[in-house]
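First the structure, in the form of structure tokens, and then the observations on it.
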Amino acid sequence: MDDILIVFDLDGTLIDTSHDLLDSLNFCLSTIDLEPVEYGQLSVLVGQGAKAMLTRAFDIRSKSVSDSELNEFFELFVSHYGKNMPGKSRAYDGLDEALERLQIDGVRFAICTNKHESLARLLMEKLGMSDQFVALTGGNSFSFRKPDGRHILETIKLANGKPDRTIMIGDSINDIAAAKDAGIPSIGVPFGFSDVPIADLKPDGIISHYDELTYQLIIELLNK
């Protein structure tokens, strides 16, 4: 059996979580009578976990919060988000079929996300997808996280993979930068939450739909 591992980002790459993240974020803002954040602003908020998303949303609304207040809002966000999973969150088109195809070729899959690990695990369980991934690490799994390449390398280690047989797939600068830092090839997807065109981040490859994620493409990138 082949020993290729694909490490996926979660939000904006595997799963479109945009509406549920926005709902929980705006729920938090509503508790202190702040105007909701619009969908079009989500790309500049997502990517570093819930606390960073809350902080950026407060900045947009020119609201200062203390560390203790931020922690309280984080707990409120986690509670609301967890209770409403999976909500409207769904796998991107073609993902299920791509995973099935690649599994036939012996490819294995892992998740490396800056989302809180417990929330990531709960989401994948609610979507019935947990069994398809041999490892999952979140933004709080280690003392470092993407764009630090060690986050990916530790995920590979947990999956019993090899860095020289691994590819990272993601939608943002954190994913592409972490892959470069880890010394592994990356594939960028343009349908996620990046606030800049994915091509500007210079991944080793780009797919616009999971129909394009083929075994041949993976082999080509690994052999570059």
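Scanning segment 154-173 for residues that are at pLDDT 95 or above, crowded, with 17+ Cβ neighbours inside 10 Å and of a type outside the set (D, E, K, R) turns up THR155, ILE156, ALA159, GLY161, THR166, ILE167, MET168, ILE169, GLY170.
If the condition is being of a type outside the set (Val, Ile, Thr), open to solvent by less than 50 Å² (accessible area, probe 1.4 Å) and touching a helix residue (DSSP H, G or I) at 6+ places or on another chain (Cβ under 8 Å), then segment 11-33 contributes ASP11, GLY12, LEU14, SER18, ASP20, LEU21, LEU22, SER24, LEU25, CYS28, LEU29. Scanning segment 123-153 for residues that are of a type in the set (D, E, K, R) and outside any helix (DSSP H, G or I), we see that the one that is least open to solvent (accessible area, probe 1.4 Å) is LYS146. What are the pairs with Cβ atoms under 9 angstrom where one residue, in segment 195-224, is within 16 Å of ILE104 (Cβ to Cβ) and the other, located anywhere, is open to solvent by 60 Å² or more (accessible area, probe 1.4 Å) and aliphatic (A, V, I, L, M)? Sequence gap at least six, or different chains. Close Cβ pairs satisfying both conditions: TYR215/ILE104.
For the subset of segment 189-224 comprising residues that are farther than 17 Å from ILE4 by Cα and of a type in the set (S, T, N, Q), which member is nearest to the chain's Cα centre (by Cα)?
In the first step, residues of segment 189-224 are kept if they are farther than 17 Å from ILE4 by Cα; the result is 189-203, 206-212.
The next check asks that each one be of a type in the set (S, T, N, Q); those that pass are 194, 208.
Working: SER194: 11, SER208: 16 Å.
This residue is SER194.
You will find that of PHE27, PHE73, PHE8, PHE77, the residue that is in contact with a Ser or Thr (Cβ under 6 Å, 6 or more places away or on another chain) and in contact (Cβ under 8 Å) with a residue 24 or more places away in the chain is PHE77 and no other.
The values are calculated or read from the model by the stated rules, or taken from the named source; none is laboratory data. Keep in mind it's a predicted model, so treat the numbers as computed, not measured. Cβ coordinates were reconstructed from backbone atoms using ideal geometry, including for glycine residues, and neighbour counts include every protein chain displayed. Accessible surface areas use protein heavy atoms only, side chains included; no ligands, DNA or RNA. Shrake-Rupley method; radii C 1.70, N 1.55, O 1.52, S 1.80 Å.
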